[in-house]
1. Give a residue-ordered list of calculated ³J(HN,Hα) values for region 178-187 (Karplus: 6.51 cos²θ - 1.76 cosθ + 1.60, θ = phi - 60°; whole Hz; x for Gly, Pro).
2. Put +1 on the Cβ of each Lys and Arg and -1 on the Cβ of each Asp and Glu in the chain; which of VAL138, ALA100, SER257 then has its Cα farthest toward the positive end of the dipole?
3. Would you look at the GNM of the chain, springs on alpha carbons closer than 10 Å, and say which of PHE98, PHE335, PHE211 moves the most?
4. Which pairs in the list LYS172/LYS244; LYS102/LYS336; LYS226/LYS259; LYS172/LYS259 are over 23 Å apart, alpha-carbon to alpha-carbon?
5. Under the 0.36 nm per residue contour assumption, what length would be gained going from the current alpha-carbon distance of SER128 and SER257 to full extension?
6. For the chain, calculate the relative contact order in percent as a whole number, restricting contacts to Cα pairs under 8 Å that are 6 or more residues apart.
7. First check a/c for the chain, with a ≥ b ≥ c the square roots of the eigenvalues of its C-alpha gyration tensor; if it is under 1.5, answer rounded, and if not, answer prolate when a/b is larger than b/c or oblate otherwise.
8. Provide the per-residue ³J(HN,Hα) series for region 118-131, in order, calculated from phi with Karplus coefficients 6.51, -1.76, 1.60 and θ = phi - 60°, each as a whole number of Hz, with x at glycine and proline positions.
Amino acid sequence: MTSPSQLTLRRPDDWHVHLRDGTMLELAVADTARQFARAICMPNLVPPVTTRAAALSYRQRIQAACPAGLDFTPLLTAYLTDAIDPQEVAAGYEEGVFAACKLYPAGATTNSDAGVTDVRNIDAVLESMQEIGMPLLVHGEVVNPEVDVFDREAVFIETVLEPLLSRFPGLKVVLEHITTRDAVNFVTAAPVNVAATITAHHLHIDRNALFDGGLRPHAYCLPVAKRRGHREALRHAAVSGNPKFFLGTDSAPHPRSAKESACGCAGIYTAPVALESYAEVFEEEGRLERLEAFASEYGPRFYGLALNAGSVTLERTVQTVPEVVENAGQSVVPFKAGQELRWRLRQRA
Ligand code: NCD
Ligand code: ZN
């Protein structure tokens, strides 16, 4: 089958991104706004976004950091803590300040120290979210150091998520950045109120990328990439046409020095080449025609939002990804740095 020389899609959204704050914000917002119309912005800032006031102020900083001429809408999330006020969360959703809540098990990942220590502590919030239809976005890994890091997602599904869904069967849940066959099977079998996001990097790399000729900090993220067979299950889910699986990059920039360190941070910066990276996978799987629904339709339908107007065009032109991207004194090594991608997003006029 010959490939088309270009591919036009309805404008897509990113249903899971880290835009950061301070000096990193400009770079992260610009790279995401060039690719996506809207994005679910993760609240794991320091301090975390737990109130309407904090979210409104973050939204303004994001908008101020967005380059002129790019039409981009940030969707904010509330960071769940053991002590968060259910009324603050519900009011934020009803006023359109919060699009969802994010559950980080305390200690699971970057800036998750203020996260939830036991999901039973937030049952009151979950109850009210179920009632008003507010989505719960889940970082699905247990933090028990006794559990092998490659098993933490599967163990979370069994020991935390399944019991949570039996307590709140009507709660809208997105299992974020899934990395295992176990997660694919769980979400596929679950009712329609349970969905998942899939990152571009987990479709491209398996755990071998972490050790390819030496230790590779830029391939390290959480949940960590698993065996090849899990990656294959993710690829099949992404291209399956099942609306429960949609695009969420989990693009998570860290300064180069924080990645290339004796204790490197978790996070892969995919925003500069996100759509191109997904397009490669859909093309390799012979399912390019399904990219549009995955990138631009299933996410908004799950969240109950309108589809975007307008379109973006990908050209089938080889691009070499820069070794590093820089702004305001910050250097970040992007996903696929120095490598070639077969597609390039045409920049909007
Ligand atoms: C994210 C970050 O750096 O904020 N890191 C990551 O590896 N994905 C946090 C997260 O989503 O786990
Ligand atoms: Zn994330």
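1. Values per residue, Gly and Pro as x: 5, 10, 10, 4, 4, 5, 4, 5, 4, 5 Hz.
2. SER257
3. Looking only at PHE98, PHE335, PHE211, the largest GNM fluctuation is found for PHE211.
4. LYS102/LYS336; LYS172/LYS259
5. 42.2 nm
6. The normalised contact order for the chain reaches 19 percent.
7. It is rounded, given that a/c, with a ≥ b ≥ c, falls under 1.5.
8. Here the 3J(HN,Hα) series is 7, 4, 4, 5, 10, 4, 5, 5, 4, 4, 6, 5, 4, 5 Hz.
Since every read-out is calculated from the coordinates, none of them should be taken as a lab result. Keep in mind that what you see is a predicted model, and the values were worked out from it rather than measured. Cβ atoms come from the backbone with ideal geometry, glycine included; neighbour counts cover every protein chain shown.
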